[in-house]
Amino acid sequence: MKSLRLLKPPEVFECIIQKRINRFTVEAFLNGEFSIIYLNNTGRLTGILEKNRKGYCIPNKSGRIRYRLIAIGKDEYSYLVDTSLQERAFLEAVKEGYIPWLKNCILSKRNYRIEGEVLDYAFNCSDGLVLVELKSAVMELPGRYAGYPDAPTLRARKQLEALARYVRTGGKGMVVFVAGIPLANGFKLYCDADSKIKEYIDVAVDAGVVFKSTNIFYDPKSNSVMLGHTDLPVNLNC
């Protein structure tokens, strides 16, 4: 499948990653000096966020940190690690009609609340309301597969429980793994980081929750966020 350009971030600056400071900040060499860079991804990013890897930053519009890290170099293309940019790109793909399983859908509400849990989106579709929760899958597994989760995630377990109950009562729900690795071949559930996630996934599948994965990555040559395969194979076995 040919990749499509979704977004073109303004003012992208190259940097050289030095180290991760905490969940939300990275030290990088940028514009001739060492700087603290904002990171909008709480995953571990093992094997990706590594010393001396090339990174791509944009000006940070809020807060005191001047720049935010959006992508990390791989080969010709780059990992898209910024979750807000993943979300923007996904919504753009839906709006343009590129996502076949959300073809006739219009965004109705963000941060949709069910049973005290917050899901990313509610879409009005031709067959009714569909709730969608996005999960960032930037972990790279053998065979160029995107993996999730790369850390224990109590929040995801609670969301899966709530979504399963919602679907059992007649609603429609979906979990979408955004595969942020370039030209991903598919998605695989990674259970080593969270030994309990599989049982929650199984309950959701049994209830009728749909699991999908879409490939969204960064192309530094054209400075574009790209849409790859829109319906990657999804393997929910450990």
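Here are the numbers for the structure shown:
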quantity: Modelled FRET efficiency - R0 25 Å, residue 34 with residue 11, Cβ distances, 0.05 increments; calculated: 0.80
quantity: Ranking of 79, 190 by count of other Cβ atoms within 10 Å, fewest first; calculated: 190, 79
quantity: Relative contact order [Cα under 8 Å, 6+ residues apart], segment 6-110, whole percent; calculated: 22 percent
quantity: Alpha-carbon Debye profile of segment 4-76, log10 I(q)/I(0) at 0.15, 0.17, 0.19 Å⁻¹; calculated: -0.46, -0.59, -0.74
quantity: Reach of residue 51 by Cα under 27 Å, taken over lysines that are not fewer than 8 positions away in the same chain; calculated: 8, 19, 61, 74, 135, 188, 221
quantity: Gap separating the Cα centres of segment 19-61 and segment 139-153, nearest whole Å; calculated: 19 Å
quantity: Considering only segment 83-235, percent of DSSP beta bridges that pair antiparallel, nearest 5; calculated: 50 percent
quantity: Those trypsin sites (Lys or Arg not before Pro) in segment 149-234 that DSSP places in a loop and that have at most 11 other beta carbons within 10 Å; calculated: 221
quantity: Mean Cα-pair separation over length for the chain, i.e. relative contact order, pairs under 8 Å, 6 or more apart, %; calculated: 19 percent
quantity: For the chain, built as a Gaussian network whose Cα springs stay under 10 Å, the top-fluctuating residue of 32, 43, 186; calculated: 32
quantity: Isotropic mean projected area of the C-alpha convex hull, the chain (nm²); calculated: 12.7 nm²
quantity: Binned Cα-Cα distances of segment 152-233, short to long, each 10 Å bin given as a whole percent; calculated: 18, 39, 31, 11, 2
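Throughout, read-outs are computed from the coordinates displayed, never taken from laboratory work. On a predicted model such as this, the values are computed, not experimentally measured, just so you know. Counting neighbours? That spans all protein chains shown, and the Cβs are built from the backbone with ideal geometry, glycine included.
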